Amino acid sequence: MPVAFRTAMPTPGIAVQGGDLPLLVEAAIAAEKHGLASVWTSEFYDRSATVTLAAQAAVTSRIALGSSIAWAFGRTPLTLATDFRSLDGLAPGRLSMGLGTGNPQVIADWLGLDVDRPVARLLETVQLVRDLWQLNAKPVDHQGRHHRCRIDADPSLPALSTGTLPVLLAAGREPMLRAAGAVADGLVGMPMSTREFILETVHPALLEGAREAGRTERIPVTGMVICSIADDSARARAAAAVQVAVYTSRRSTDPLLRLHGFEKEAAAVREAAARQDVPGMAAAVSDRMLDRMAVYGTPEEARQRYQEAYGGVFEQPLLYASGKGVPVGVFRDHVHAICETFAPAAR
């Protein structure tokens, strides 16, 4: 059964990828100043999500913070639990842990791991991390397929500020979506998505996973939306096309692209990507595709596109800003433009 959308327009947050650490700290300050709901930081081969969150926690006092995403397999469950326990001490009641497995290249080539069942391993990781957060009240004795951990209870440990932390899983394909429905407190969606994809693919898969696990609650979606804002519409469009092309080059977007009939554009983008031709990748993104997959334009145009395309779709919408390949100064202006454009007062 399709899941009805909410009609409310929640205040969006911002998800920032790339840029240097001082800029990410500046982004958190700006997002809080302008009244955005949250700020989320990613993790890559050049950035630690937990170090970034610690720096952002130190300069803010109200805004919610989250990882979108941290590598689920890049740390042991114990180090995941202790890292986020420490972060909770810096930002009590404001923190969400978003985890993702990464694609096979990330798992094998970047992390150097041989993982034959990533979904099952992720489910076990989440279970163990939650158990470790209760170490102040009970011991942990976990003997699983993928992890082993035995630690006595430590009553000297303080409880987490809210007893536990929200755990969100990143997913785009149905197996991982079902896993999120089974164990997660929410989903971190792909930066490329549409209303139809959320309605016809995401929510049914979340619901199926929840029912199989005996859960009855709705699984909220924290959805990222590619966003590009400039005083000149053409410049904003060009920047958005690059980001849409980058995500189109990834096979994880195949279900979304098939749903909307963008196979031809995807093939052209991937041919250009194989040549490392970034301008060619962006040129392969059609106007129809860009209008479905991104929010862009002048501040007024971007607000209108966002409301028309994503109003009521996500429990927590995130405007996605990527600084990959962008000069730091240009990226800084873009981050501030998002915060100013989507501040509650501006909307």
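Points to keep in mind about this one:
- For the range 295-334, a residue qualifies if it is in a loop (DSSP other than H, G, I, E, B) and among the aliphatic types (A, V, I, L, M), and the qualifying residues are Val313, Val326.
- Only listed residue being among the basic types (Lys, Arg) and in contact with a helix residue (DSSP H, G or I) (Cβ under 7 Å, 6 or more places away or on another chain), chosen from Arg47, Arg62: Arg62
- Residue selected from the range 81-134 under the condition in contact (Cβ under 8 Å) with a residue 60 or more places away in the chain and either in contact with a His (Cβ under 7 Å, 6 or more places away or on another chain) or aliphatic (A, V, I, L, M) (or both), by the criterion nearest to Leu160 (Cα to Cα): Leu95
- Scanning the range 321-329 finds one or more residues that are touching a Phe, Trp or Tyr at 6+ places or on another chain (Cβ under 7 Å), more than 23 Å from Pro220 (Cα to Cα), assigned by TED's automatic domain parsing to the domain that holds Gly189 and in contact (Cβ under 8 Å) with a residue 12 or more places away in the chain.
- Among (1) crowded, with 17+ Cβ neighbours inside 10 Å; (2) among the small types (Gly, Ala, Ser); (3) out of contact with any Gly (no Cβ under 9 Å at 6 or more places or on another chain), the one test that Gly280 misses: (1)
- Of all residues in the range 248-277, those that are assigned to a loop (DSSP other than H, G, I, E, B) and either surrounded by fewer than 18 Cβ atoms within 10 Å (Cβ to Cβ) or assigned by TED's automatic domain parsing to the domain that holds Glu174 (or both) total 7.
- Listed conditions (1) farther than 26 Å from Pro255 by Cα; (2) touching a strand residue (DSSP E or B) at 6+ places or on another chain (Cβ under 9 Å) are all met by Gly100, apart from (1).
- Within the range 214-235, the set of residues being of a type outside the set (Gly, Ala, Ser) and in contact with a strand residue (DSSP E or B) (Cβ under 9 Å, 6 or more places away or on another chain) comprises Ile219, Pro220, Val221, Thr222, Met224, Val225, Ile226, Cys227, Ile229, Arg235.
- Residue in the range 116-126 that is closer than 30 Å to Glu32 by Cα, in the same structural domain as Leu206 (by TED's automatic domain parsing) and not in a loop (DSSP other than H, G, I, E, B) present: yes
- Residues of the range 111-128 satisfying the condition of being of a type in the set (Val, Ile, Thr) and over 18 Å from the mean Cα position of the chain (by Cα): Val115, Thr125
- Test: Arg148 is basic (Lys, Arg), at pLDDT 95 or above and at negative phi: yes
- Residues that are part of a helix (DSSP H, G or I), surrounded by 20 or more Cβ atoms within 10 Å (Cβ to Cβ) and of a type in the set (A, V, I, L, M, F, W, C) within the range 208-241 comprise Ala210, Ala236, Ala239, Ala240, Ala241, listed in sequence order.
- Among the residues of the range 12-46, those that are in a loop (DSSP other than H, G, I, E, B) and at pLDDT 95 or above comprise Pro12, His34, Gly35, Leu36, Ala37.
The values are calculated or read from the model by the stated rules, or taken from the named source; none is laboratory data. Since the structure is predicted, the reported quantities are computational estimates derived from the model, not experimental observations. All Cβ positions, even for glycine, are placed from backbone atoms using ideal geometry, and neighbour counts span all protein chains on display.
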